[in-house]
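Report on the structure given below.
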Amino acid sequence: MASIEDPDRLADTELETAVGLARRVAHALTGAVEVRQELLDQALVCIAAEGHILLEDLPGVGKTTLARALARSLELQFARVQCTADLLPADVVGTNVFNQRETRFEFRPGPIFANIVLVDEINRASPKTQSGLLECMQERSVTVDVFTHELARPFLVLATQNPVEFEGTYPLPEAQVDRFMARLSLGYPTAAGEVAMLRSHEGGDRVHEVEPVATAAEVLGVQDAARRVFASDALRTYVVSLLGRTREDPRVELGASPRAGLLLLRAAKARALLRGRDHALVDDVQALASVVLAHRIVLAPEAMDTSGERVIADALASTHAL
């Protein structure tokens, strides 16, 4: 129970609310999209931790469908940006327009001012447009003509990209990739799951049937609670040691950044909350290390036969908790 002496300690009702919200969202998505429970849990962790998500996988496996279903399950303002080579930063963040009647400029906000923004095929946008998302994702604000405009809260970017398409694409730079808390991959469904999907979608797009199960106030409450989950100094030391392993690995040219450590700890605390705990454990860090850190690893040219996931797996195996 929360007390006057310890105002930051989570109340039992806050833990119950967070667990209940996660269960309601998971239930709302049942039948609308075929997705592994583990991946859905990871997506909910990112929402609770206020972290942006990069959905990277092959075409047609349901990246956009999952993003739309998540957005519909939450009673939040949703916007979609379909990225193309001629998309301009102003098309995303907005621009100042001259009002002839009032003889002054007024700001017309772009789709980035929604609570959940689906940026579809982000690697098809030009580097100039991609860089326009940096301030939005990190600072949660937009600066246009020296005026800063705060974005809505909660605010989440769900971006999708196909890793095998190269023609007409612009790979995300490391600075942009580092803004995403997690990179998730759906993969192909099981044979039984695919049969069930074919049966359930014969009548049309099931995403339209998803009903909102959580309000903006509830999401903000869960996000506030996630920030207040307890993390010990020993757990912080473990995170730093894990980051150090990635930087010392001879296969790695660029290891996990300090921002990566901040996001990993934040995600671990959110995972603990959604499991009904007021404190984060090493298990939480280990469960999320790959999806939070792997996409930040830049491999050395001579180590292209390995992967960021392999580097993180080896770092986990060689890092011991205190």
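The values are calculated or read from the model by the stated rules, or taken from the named source; none is laboratory data. Remember, predicted model here, so these are calculated numbers, not experimental data. Note that we place each Cβ from the backbone using ideal geometry, even for glycine, and neighbour counts take in every protein chain shown. Accessible surface areas use protein heavy atoms only, side chains included; no ligands, DNA or RNA. Shrake-Rupley method; radii C 1.70, N 1.55, O 1.52, S 1.80 Å.
Extension gain, Ser241-Phe98: 0.36 nm per intervening residue step, less the Cα-Cα distance, totals 46.1 nm. With the convex hull drawn around the C-alpha atoms of the chain, the volume per residue stands at 171 Å³.
With θ taken as phi - 60° and the Karplus curve 6.51 cos²θ - 1.76 cosθ + 1.60 applied, the whole-hertz 3J(HN,Hα) list for the range 307-315 is 8, x, 4, 5, 4, 5, 4, 5, 5 Hz, x standing for glycine and proline.
Using the average count of surrounding beta-carbon atoms within 10 Å as a protection proxy, the listed peptides 308-314, 169-175, 264-270 rank, highest first, as 264-270, 308-314, 169-175. Backbone phi angles across the range 281-290, fed through the Karplus curve with coefficients 6.51, -1.76 and 1.60 (θ = phi - 60°), yield HN-Hα couplings of 10, 4, 4, 5, 5, 5, 5, 10, 4, 5 Hz in residue order; Gly and Pro are listed as x. Stretching the chain fully between Arg140 and Arg275 yields a gain of 45.8 nm (0.36 nm per residue, less the alpha carbon separation).
If R0 is 22 Å, what FRET efficiency do you get for Ala90 and His208 from their C-beta distance, rounded to 0.05? Each step should come with its number before you reach the end.
Details: r = 31 Å, r/R0 = 1.40.
About 0.10, to the nearest 0.05.
Taking amide H atoms as placed 1.01 Å from N in the peptide plane, the amide H of Ala214 lies under 5 Å from those of Glu75, each 5 or more residues away in sequence or on another chain.
Peptides 251-257, 135-141, ordered by how many other C-beta atoms sit within 10 Å of their residues on average, highest first, read 251-257, 135-141.
Taking all protein chains in place and a 1.4 Å probe, what share, in percent, of the accessible surface of the range 116-205 do carbon and sulfur account for? Roughly 56 percent of what the probe reaches on the range 116-205 is carbon or sulfur. Simple spin-label estimate for Ser232 and Ala300 gives 3.6 nm between the two label positions (7 Å along the Cα-to-Cβ direction from each Cα).
Per residue, the accessible area of the chain comes to 49 Å², computed with a 1.4 Å probe over protein heavy atoms only. Beta-bridge orientation, the chain: approximately 40 percent antiparallel, per DSSP, counting only bridges with both partners inside. If R0 is 41 Å, the Cβ-Cβ spacing of Asp224 and His27 corresponds to a FRET efficiency of close to 0.95. Principal axis extents of the Cα atoms in the range 53-111, from largest to smallest and rounded to whole angstrom, are 50, 31, 15. Per-residue Karplus couplings for the range 150-159, computed as 6.51 cos²θ - 1.76 cosθ + 1.60 with θ equal to phi - 60°, are listed in order as 6, 7, 5, 10, x, 9, 9, 9, 10, 10 Hz, Gly and Pro entered as x. Overall, the chain carries a charge dipole of about 220 debye about its Cα centre when +1 sits on the Cβ of Lys and Arg and -1 on the Cβ of Asp and Glu, all other atoms neutral.
Straightening the chain between Arg9 and Glu106 buys 30.5 nm, computed as 0.36 nm per residue apart minus the Cα-Cα spacing. Protection proxy ranking of 144-154, 235-245, by the mean of other Cβ atoms within 10 Å over each peptide's residues and highest first, is 235-245, 144-154.
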